[in-house]
1. Counting only residues that are under 25 Å from the mean Cα position of the chain (by Cα) and either modelled with pLDDT under 75 or of a type in the set (S, T, N, Q) (or both), how many does the stretch 443-469 have?
2. Does the stretch 418-426 contain any residue that is modelled with pLDDT of 95 or more, under 19 Å from Ala172 (Cβ atoms), under 15 Å from the mean Cα position of the chain (by Cα) and β-branched (Val, Ile, Thr)?
3. For the stretch 165-177, give me each residue that is among the polar types (S, T, N, Q) and either under 17 Å from Pro298 (Cα atoms) or without any contact (Cβ under 8 Å) to a residue 40 or more places away in the chain (or both).
4. Are there any pairs, at least 6 apart or on different chains, whose C-beta atoms fall under 9 Å, with the first in the stretch 179-203 and assigned to a helix (DSSP H, G or I) and the second surrounded by fewer than 16 Cβ atoms within 10 Å (Cβ to Cβ), and if so, which?
5. Evaluate the stretch 163-171: report whether one residue or more is modelled with pLDDT under 95, surrounded by 16 or more Cβ atoms within 10 Å (Cβ to Cβ) and of a type in the set (S, T, N, Q).
6. Looking at (1) more than 30 Å from Ser80 (Cα to Cα); (2) out of contact with any Lys or Arg (no Cβ under 7 Å at 6 or more places or on another chain), which one does Tyr187 not meet, given that it meets all the others?
Amino acid sequence: MKKQTLFNAIGIISFIIAMLAMFEPSLFGAHSGEIIAGTFITTSVSWGNKETMDALLKPLFIGKNPIETNYFRVLLNIQSKQKLNYFGAASKILKAYVKGFNAATGTTYTQRVLETVRLKAEASDDATEFYNTVFEQGLAKGDWNNLTQTDLLNILTSIYQNAIKSDIYRQAWLGDKTKEGLTSGNYNGVADTDYNMLDGIWTTIFANASATPSATQIKRVVNSDSAVAQVQTLTFTGTTGTSNVNVGGVNYLATFATSLAVTTANFVALYAAPLAARKIILTGTTTAIFTSAIPGQPVATITNTNATGDLAGGVVQTTANTSPSALSAGKADTILNSVWTNAPKTLKAIPKEEKVFLVSDTVYENLLAYYESIAVSPAFLVKVNGVDTLSYRGIPVISMGWDVYLSADFPQAAASLWGWPHRVLYTALNNLVIGLDTADQQMSTDIWFNKDVEENRFRCKFNMGVNYVHNELLCVAY
């Protein structure tokens, strides 16, 4: 019995080492591409839409990780669109008696639309690297091609699940249908297919937040981060023809009409909207003025090249880009206080345990350093899923990890911060919504081995969308 137990233990240890060698090769002194270049699926595994939700997608939204569902409400069976309804509290309906029916003003009713888009994740790897390897220990001895009763299937599912989890998180927060790729820290005019499937929460907030909000807008607190928007000015010359104004890799054709002033006005009217989608504000009458819509976010050099006739002109930088500055000591406390103070009264009325501050890493780390500098007491901590977490006035403050993606995938000057780096989202729980479609027949997950090309292949298809429900249950700072 002891020998058998020892053999079993050795087998398990060998299998674990093999797993680590594949997925954490740095532990063995090598890079991921130097040891093994594939995975190890040698049979087909398919799940229908219910199994996809139960085995692959549902676990992404269940757990103690604060970036998952603690602050999102998950709606299922959203095939394309669903209206999100919110009724405000009714008040002042009690009046002095008057004969007849005299209705008071009813409750405020807000309605927003959650729209899902169809997404697909695919991956393939070379299987030949795994012939005659220790991975055979993870296969069923009676039927090596059958993974359904082995640990390998669970490991594969976990690996792909984590990859999808990362992408769902990134897109849910930072997705932008108009986002472009980067070249030397600037947008390059080429669609960024890693981000532009849907508009994430922050893109939606930017489009509907204001320091002086209307009844349906989100209250914004403007952070003073010393950033200055870059401005470039184009002055046309010539009397005939056309010229190409190149803005970050995209040409915009200017055509002479009557005079240079009319030519400029026509150019501004024609291209203000498409450039606004690229985070550039185009204005001007006698000159065309290009201003970065996000202070501190640089814009690529703009050029103007004659195409026909003699229409041309020069572009000069009239205001240099100034990147955002790091937070000074204790600044995060000031920002949170401003958000707390300026939040809508509806949000203020929500109990503390039903609200949260979701913040960028820069804000969290600054707040942590500030609390440490004043010898923080337990009063500054709250329990979230049994773990001590920073709080502000009794409300959890959660570092969301946005900075990893903002730093890697959004414009910034070299060795500088990106636009709007110090972000705070103060919200009631369940006011942010992720919609998934579990009824769509096209929603499926497949893991299979393609014998023709000797590749392991993975595919997951589902619908997803994000939105917020009510603007008065949000207050943001950036």
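1. Within the stretch 443-469, the first condition is being under 25 Å from the mean Cα position of the chain (by Cα), and the residues that meet it are 443-445, 458-469.
Narrowing the set further to residues that are either modelled with pLDDT under 75 or of a type in the set (S, T, N, Q) (or both) leaves 443-445, 463, 467.
Residues meeting the conditions: 5.
2. Within the stretch 418-426 (the criterion being modelled with pLDDT of 95 or more, under 19 Å from Ala172 (Cβ atoms), under 15 Å from the mean Cα position of the chain (by Cα) and β-branched (Val, Ile, Thr)), the answer is yes, since at least one residue qualifies.
3. To start, the set of residues in the stretch 165-177 that are among the polar types (S, T, N, Q) comprises 166, 171.
Passing the criteria: only Ser166.
4. Taking only residues 6 or more apart or on different chains, the pairs are Thr203/Lys177.
5. yes
6. (2)
The values are calculated or read from the model by the stated rules, or taken from the named source; none is laboratory data. None of the values given here were measured: they were computed from a predicted structure. Counting neighbours? That spans all protein chains shown, and the Cβs are built from the backbone with ideal geometry, glycine included.
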